[in-house]
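Q: One structure coming up, written as structure tokens, with questions to follow.
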Amino acid sequence: MQGAFIEHVRALEAAGARTRLVRTREDLEHLDGIVLPGGESTTMTMLMERVGLLEPLREAIDHGLATLATCAGMIVLARDITDGMADQKGLGLLDVSVRRNGYGRQVESFEAPLHIDGMNGKEFPGVFILSPLVERAGDVKVMATYEGHPVAVQHGRILALCFHPELTGDLRLHREFVRLAAEQS
């Protein structure tokens with residue numbers, strides 16, 4: 001609906017997945033996994049609510065649909081958005097508190113090498129563009145940090161990232177998501 005979904009489609013297909021865009025509640029049927037991409041979190045949730053997708057998506061993820069959430073997607077999943085608008089809705093399924101654009105404005109975007117659990121010690125290129133800052137991580141596995149803050153977390157079949165792996169050309173995280181989606185829930 002909105003966000004960096006085309007880049008994820010390319011990365012997922014390069015990692016061996018078959019993809020389709022999800023724009024209606026019917027599109028959720030028979031999925032093994034879903035990507036909540038970067039973009040603008042408020043706009044994303046308003047659009048999902050407008051087309052009747054917010055609650056069915058919440059239910060599908062809550063019942064085990066494998067989910068990769070990047071940047072704004074992490075905000076949409078977060079239990080708490082510390083600087084969100086008063087009426088901002090999200091899915092509330094990930095036990096983290098995030099601050100939108102916590103790493104700064106567009107001109108403060110940056111890349112940083114990250115050490116992510118399960119990446120065999122090889123650094124992953126973290127691309128941070130208007131990225132959320134995780135201020136609290138509750139019942140999640142922290143897979144990577146940057147300057148003391150979690151930037152990659154996992155809870156069950158949810159993998160949430162503050163950064164944009166789809167912009168790197170490094171397919172390791174997309175391959176991991178494809179593997180996670182292929183597992184039986």
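Q: Could you put Asp32, Asp95, Asp83 in order of accessible surface area, largest first, with the 1.4 Å probe and the full protein assembly present? Working shown, then result.
A: Values: Asp32 105, Asp95 30, Asp83 60 Å².
So, going from the largest accessible area down, we get Asp32, Asp83, Asp95.
Q: For Ala72, what charge total do you get from the other residues with a beta carbon under 10 Å from its beta carbon, if Lys and Arg give +1 and Asp and Glu give -1?
A: On the way: positive: Arg100; negative: Glu40.
Combined, the nearby Lys, Arg, Asp and Glu give 0.
Q: Work out the length of the dipole vector of the range 131-185 about its Cα centre, built from +1 on the beta-carbon of each Lys and Arg and -1 on the beta-carbon of each Asp and Glu, and round it to the nearest 20 debye. All intermediate terms of the calculation are to be shown ahead of the outcome.
A: Numbers: 6 positive and 7 negative charges, 34 e Å.
Here the range 131-185 has a charge dipole of around 160 debye.
Q: In addition: Based on DSSP, what percent of beta bridges with both residues in the range 79-185 are antiparallel, to the nearest 5?
A: Values: 18 of 20 bridges.
Approximately 90 percent, going by the DSSP bridge assignments.
Q: Moving on. In Å and on Cα atoms, what radius of gyration and Dmax does the chain show?
A: Looking at the chain, its Cα Rg and Dmax stand at 15.0, 43 Å.
Q: Antiparallel versus total DSSP beta bridges in the range 55-132: what percent is that, nearest 5? Before the final figure, lay out each step's value.
A: On the way: 5 of 8 bridges.
Expressed as a percentage, antiparallel bridges in the range 55-132 total about 60.
Q: Let me ask another. With +1 on the Cβ of every Lys and Arg and -1 on the Cβ of every Asp and Glu, and nothing else charged, how large is the dipole of the chain about its Cα centre, in debye rounded to the nearest 20?
A: Numbers: 19 positive and 26 negative charges, 35 e Å.
In debye, rounded to 20, the chain gives about 160.
Q: Hey, another quick one. I need to check one value: relative contact order of the chain, counting alpha carbon pairs closer than 8 Å and at least 6 residues apart, in percent.
A: Working: 378 pairs, mean separation 41.2, N = 185.
Here the relative contact order equals 22 percent.
Q: Another question, then. Using DSSP, restrict attention to beta bridges with both residues in the chain and report what percent are antiparallel, rounded to the nearest 5. Present the calculation step by step, with values, prior to reporting the outcome.
A: On the way: 18 of 29 bridges.
Antiparallel bridges make up about 60 percent of those DSSP assigns within the chain.
Q: Then there's this: With a 1.4 Å probe and all protein chains in place, put Asp139, Asp117 in order of accessible area, largest first.
A: Details: Asp139 100, Asp117 75 Å².
The residues order as Asp139, Asp117, largest area first.
Q: Which order do you get for His30, His174 if you rank them by accessible area with a 1.4 Å probe, largest at the top?
A: His30, His174
Q: Same structure, new question: If you take the charge dipole of the chain about its Cα centre, with +1 on Lys and Arg Cβ and -1 on Asp and Glu Cβ, which of Ser41, Thr19, Ala4 is farthest toward its positive end?
A: Thr19
Q: Answer with one residue from Gly138, Val96, Leu68: the one whose Cα lies farthest towards the positive end of the charge dipole of the chain, charges on Cβ with Lys, Arg +1 and Asp, Glu -1.
A: Positive-end residue among those listed: Leu68.
Q: Quick one: grab the alpha carbon gyration tensor of the range 102-152, order the square roots of its eigenvalues as a ≥ b ≥ c, and give me rounded if a/c is under 1.5, else prolate or oblate depending on whether a/b is larger than b/c.
A: Details: a/c = 2.98, a/b = 1.22, b/c = 2.43.
Taking the square roots of the gyration eigenvalues as a ≥ b ≥ c, the range 102-152 is oblate.
Q: Please list, in chain and number order, the residues 5+ apart from Val96 or on another chain whose amide H is under 5 Å from its amide H, with Hs placed from the backbone.
A: Arg79, Asp80, Gly138
Q: What number results when the radius of gyration of the range 20-62, computed over Cα atoms, is divided by 2.2 N^0.38 Å?
A: Scaled against compact globular proteins, the figure is 1.08.
The values are calculated or read from the model by the stated rules, or taken from the named source; none is laboratory data. Model, not experiment: these values are computed from the prediction. Please note: Cβ atoms are built from the backbone with ideal geometry, for glycine as well, and neighbour counts cover all protein chains shown. Just so you know, the surface numbers come from the protein's heavy atoms only, side chains and all, with ligands and any DNA or RNA stripped out. Shrake-Rupley method; radii C 1.70, N 1.55, O 1.52, S 1.80 Å.
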